[in-house]
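See structure below.
The numbers here are math on the coordinates, done by the rules we state, and not lab data. Predicted model, so just to flag it, every value in this text is computed and none were measured. Virtual Cβ from ideal backbone geometry, glycine too; neighbours counted across all protein chains shown.
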Amino acid sequence: MKNLMKAALTVLAFTLMFSTWSLADGGADFKAKCAMCHGADGKGDSGMGKTLKVRDLGSADVQGQSDADLNGIITNGKGKMPKYDGKLSKDQVSDLVKYIRTLKH
């Protein structure tokens, strides 16, 4: 029983560790690729964000979209948002979506 408990805790620890890395990677990619327009906090109040009238990524409107929808917008672009297909891997896009979820108000 103790070995089973140790194994379960080890799996949980690795899962948490990798999900934290993923979130950190998403944050780094957000800072490098998205913050110029969406702002460091995702509210869209940067100079470029105001000019382009970008959405607040923490808003109910954005947060209410599915992960697949956000994935598609990042990958293929939408409106004035450029596409990142070929510039970001699928894992990076997925990590960005996870990071965007942390911006919820």
Return the distance in nm (one decimal) between the two label points of a simple spin-label model at Lys90 and Ala68, each offset 7 Å from Cα along Cα→Cβ.
-> 1.4 nm
Efficiency of FRET from Cβ geometry, Ala28 and Thr51, R₀ 25 Å, rounded to 0.05 | 0.50
On full extension of the chain, what length is gained from Met36 through Lys80, given 0.36 nm per residue of separation minus the C-alpha to C-alpha distance?
-> 14.5 nm
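Determine the sum of side-chain charges near Lys43: Lys and Arg each +1, Asp and Glu each -1, restricted to other residues whose C-beta is under 11 angstrom from that of Lys43. Walk me through the numbers on the way to the answer.
Working: positive: Lys50, Arg55; negative: Asp41, Asp45, Asp56.
Charge balance near Lys43 sits at -1.
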Quick one: grab the alpha carbon gyration tensor of the range 33-105, order the square roots of its eigenvalues as a ≥ b ≥ c, and give me rounded if a/c is under 1.5, else prolate or oblate depending on whether a/b is larger than b/c.
-> oblate
